[in-house]
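One structure is given here, and the rest of the page talks about it.
The values are calculated or read from the model by the stated rules, or taken from the named source; none is laboratory data. No experiment lies behind these values; they were computed from the predicted model shown. Backbone-built Cβ (ideal geometry, glycine too); neighbour counts: all protein chains shown.
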Amino acid sequence: MTETRHTRVLIIGSGPAGYTAGVYASRAMLQPILVQGLEPGGQLTTTTEVENFPGFTEVQGPDLMIKMQEHAQAMGCEIVGDIITDLDLSKRPFTAKGDSGTTYTADAVILATGARAKWLGLPSEEAFKGFGVSACATCDGFFYRGQEIVVIGGGNTAVEEALFLTNFASKVTLIHRRDELRAEKILIDRLMKNDKIHPLWHHQLEEVVGENDPKGVTGIKVKNVQTGEISEIPCKGVFVAIGHAPASELVKDQLELHNGGYVSVQPGSTATSVPGVFAAGDLTDHKYRQAVTSAGMGCMAALDAEHWLAAQDD
């Protein structure tokens, strides 16, 4: 049987931004409903050690997200294990339809659906995710001090990751299918001047090679796209840096977007192009993409929603 539920604030998404918004909206007595979505906990549930979230010298990504969920619930946030399949922002109250059959109506909406790293789709890549294969240098680069690693990609993301990883690695091999990079000129210049970075042109990743006891990467197989020749490169870490895709499918025709699909917000705010709709975390942030900045934006979104709702009540 279908059910319709109304809330002052509907939070869509359950990463650091969504759960933090839940904490603050609950403390504002807005009795929010948070719909977790397809991946409860978001990208952090696919990482292992997290060492850069304040208050935790080291914590497992999934454990951190459980603590955030428990915190939001303790404050009074209702958390629902549902997936929003349709969202209508054309009139208030806003209407969202859940995969469960439930319809949610809301006076304000906080979007915290995050972003997903783009992957190559190789079975061996999937097999070693979190065990030597990563899509976040700032998250995992620290673990490869003094090691040889590789970066896959040729745009800004790949060059920025390669440069950052030279702070830890003894050698960074940048693997690109072409013979020139698509990154900004200043980044390319820095990369070419860095002795630790060794570009490998006209190659693509074919397979990640590793061991299972203990589980870890030992190297990769790459193919020369011009000759078809396969060669092997020893390494301990593989960073796939071919970009991120914001999870903006629900709103792509309803809100202003930027940088290839990220939701635009007003400067210094989380307000989107539709009054009463706010966006936080990786859905709108194409630059920092950190758990702590997402959490901060979740706080901002809840406070922005609280102030906006109060203004509507005046």
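Of note:
Here is a yes/no grid of residues against (1) crowded, with 18+ Cβ neighbours inside 10 Å; (2) free of Cβ contacts under 8 Å to residues at least 24 places away in the same chain; (3) not acidic (Asp, Glu); (4) not in a loop (DSSP other than H, G, I, E, B):
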| site | (1), (2), (3), (4) |
| --- | --- |
| Ile242 | no, no, yes, no |
| Val265 | yes, yes, yes, no |
| Ser269 | no, no, yes, no |
| Phe278 | yes, no, yes, yes |
| Gly298 | yes, no, yes, yes |
| Ala301 | yes, no, yes, yes |
| His307 | no, yes, yes, yes |
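- From the list Leu163, Leu200, the one residue that fits, being outside the structural domain of Gly276 (by TED's automatic domain parsing), free of Cβ contacts under 8 Å to residues at least 40 places away in the same chain, farther than 30 Å from Thr113 by Cα and among the hydrophobic types (A, V, I, L, M, F, W, C), is Leu200.
- Residue within region 202-214 that is touching a helix residue (DSSP H, G or I) at 6+ places or on another chain (Cβ under 7 Å) and either buried (at least 18 other Cβ atoms within 10 Å of the Cβ) or at negative phi (or both) present: yes
- Scan of region 4-37 for residues that are polar (S, T, N, Q), out of contact with any Leu (no Cβ under 9 Å at 6 or more places or on another chain), surrounded by fewer than 24 Cβ atoms within 10 Å (Cβ to Cβ) and in contact (Cβ under 8 Å) with a residue 60 or more places away in the chain, ordered by number: Thr4
- Qualifying residues in region 261-312 (those that are within 26 Å of Phe53 (Cα to Cα) and of a type in the set (Phe, Trp, Tyr)) - the one modelled with the highest pLDDT: Phe278
- The condition of being in contact with a Phe, Trp or Tyr (Cβ under 8 Å, 6 or more places away or on another chain) and assigned by TED's automatic domain parsing to the domain that holds Thr20 holds for Ala271.
- Helices (runs of 4 or more DSSP H) lying entirely in region 94-204 (those with 2 or more residues that are farther than 30 Å from Leu257 by Cα): 123-127, 185-193
- Matching residues in region 205-240 - criterion: being under 27 Å from the mean Cα position of the chain (by Cα) and either basic (Lys, Arg) or assigned to a loop (DSSP other than H, G, I, E, B) (or both): Lys215, Cys235, Lys236
- Of all residues in region 124-172 being of a type in the set (Gly, Ala, Ser) and touching a helix residue (DSSP H, G or I) at 6+ places or on another chain (Cβ under 7 Å), the one that is surrounded by the fewest Cβ atoms within 10 Å (Cβ to Cβ): Gly130
- Qualifying residue in region 197-213 (condition: farther than 21 Å from Ala169 by Cα and at pLDDT below 95): yes
- Lone unmet requirement of (1) at positive phi; (2) assigned to a helix (DSSP H, G or I); (3) not hydrophobic (A, V, I, L, M, F, W, C) for Glu70: (1)
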